[in-house]
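Notes follow once the structure below has been shown.
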Amino acid sequence: MVFTLEHHDPDTYRRKARIISIVMAGQLVVFGLLFSMILTAAFGSSLWLNALGVLLGLLATSTLFAVLRERPWMKEVRYVWQLKHHLSQVSGYLSTLRKAVEENNRTALDLLTFYHQGMTQLAELNGRTTDDDAERLAEKLQVKIKREEQGLPPQVDGLDTQDLKAFKRT
C-alpha cells in the first residue's frame with residue numbers, strides 16, 4: 001500500500017479534531033445513559049445493567065463513528081490517523097533502518113526520510129515543535145547528508161509499505 005504525504009492546514013485539523021472529539025464524547029454519554037435507562041427500566045436497577053448500558057453506548061458510538069469516518073468532512077482527521085499508523089509501522093523497523101542507512105541503503109534512506117517528514121508534519125498539525133529532540137534532529141541531518149551524497153532529492157512523496165518487508169522488525 002502506498003501512502004502519500006499531503007498538506008493539510010493545522011488550524012483546520014485541530015478545529016475539526018476538537019469538534020469530533022467533543023461530539024463523540026457527547027454521543028458516548030448520551031448513548032450510555034439511554035441504554036442504561038432502557039435496561040434498568042426493563043429489568044430493574046443494577047450496577048451490571050448500568051455497566052452493560054455504557055458498554056452498549058460505546059459499541060453504538062464506535063459503530064456510528066466507523067460509518068462516518070469516510071465522510072469528506074473527516075478528511076484531515078482520517079489522514080492524521082493514517083499518518084500515525086504508517087509512522088508507527090516504520091518505527092518498528094527504526095534500528096534496522098538506521099543500520100541500513102550506515103550501509104547507504106537507498107530504501108532505508110527513503111523510509112527514514114519519510115519517518116522524519118511525517119513526524120515533523122504530525123508535530124505541526126498538532127501545534128507542537130520538534131526542535132526539542134536533539135537525537136532525532138542529528139539523525140535527520142545525517143539522513144539529509146547521505147541523501148545529498150547519493151544525489152537523491154531531499155524529500156520523499158510518501159511511503160510504500162512493501163519497502164518495509166525487506167527489513168527485519170526489531
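Numerical summary
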{"item": "Given (1) part of a loop (DSSP other than H, G, I, E, B); (2) farther than 29 Å from THR12 by Cα, number of the condition ASP131 does not satisfy", "result": "(2)"}
{"item": "Filter result for the condition that a residue is within 30 Å of VAL2 (Cβ to Cβ) and free of Cβ contacts under 8 Å to residues at least 24 places away in the same chain, over VAL90, VAL67, VAL80", "result": "VAL67"}
{"item": "Selection within segment 1-28 - surrounded by 13 or more Cβ atoms within 10 Å (Cβ to Cβ) and not charged (D, E, K, R)", "result": "PHE3, LEU5, HIS8, PRO10, TYR13, ALA17, ILE20, VAL23, MET24, GLN27, LEU28"}
{"item": "Residue match in segment 110-120 (condition: under 22 Å from THR161 (Cβ atoms), outside any helix (DSSP H, G or I) and open to solvent by 30 Å² or more (accessible area, probe 1.4 Å))", "result": "no"}
{"item": "Unique residue being open to solvent by 70 Å² or more (accessible area, probe 1.4 Å) and either β-branched (Val, Ile, Thr) or modelled with pLDDT of 90 or more (or both) when the list is GLU148, GLU135", "result": "GLU148"}
{"item": "VAL67 vs. criteria open to solvent by 80 Å² or more (accessible area, probe 1.4 Å) and farther than 28 Å from ASP157 by Cα", "result": "yes"}
{"item": "Residue pairs meeting the criteria (Cβ under 9 Å; at least 6 apart or on separate chains; first farther than 17 Å from ALA60 by Cβ and free of Cβ contacts under 8 Å to residues at least 24 places away in the same chain, in segment 36-49; second of a type in the set (Lys, Arg) and part of a helix (DSSP H, G or I))", "result": "none"}
{"item": "Complete set of residues in segment 95-125 that are under 14 Å from the mean Cα position of the chain (by Cα) and among the acidic types (Asp, Glu)", "result": "GLU124"}
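The values are calculated or read from the model by the stated rules, or taken from the named source; none is laboratory data. Bear in mind the structure is a predicted one, so any value in this text is a computation, not a measurement. Here the Cβ is made from the backbone with ideal geometry for all residues, glycine too, and neighbour counts use every protein chain on show. Remember, those area values only see protein heavy atoms, side chains included, never the ligands or the DNA or RNA. Shrake-Rupley method; radii C 1.70, N 1.55, O 1.52, S 1.80 Å.
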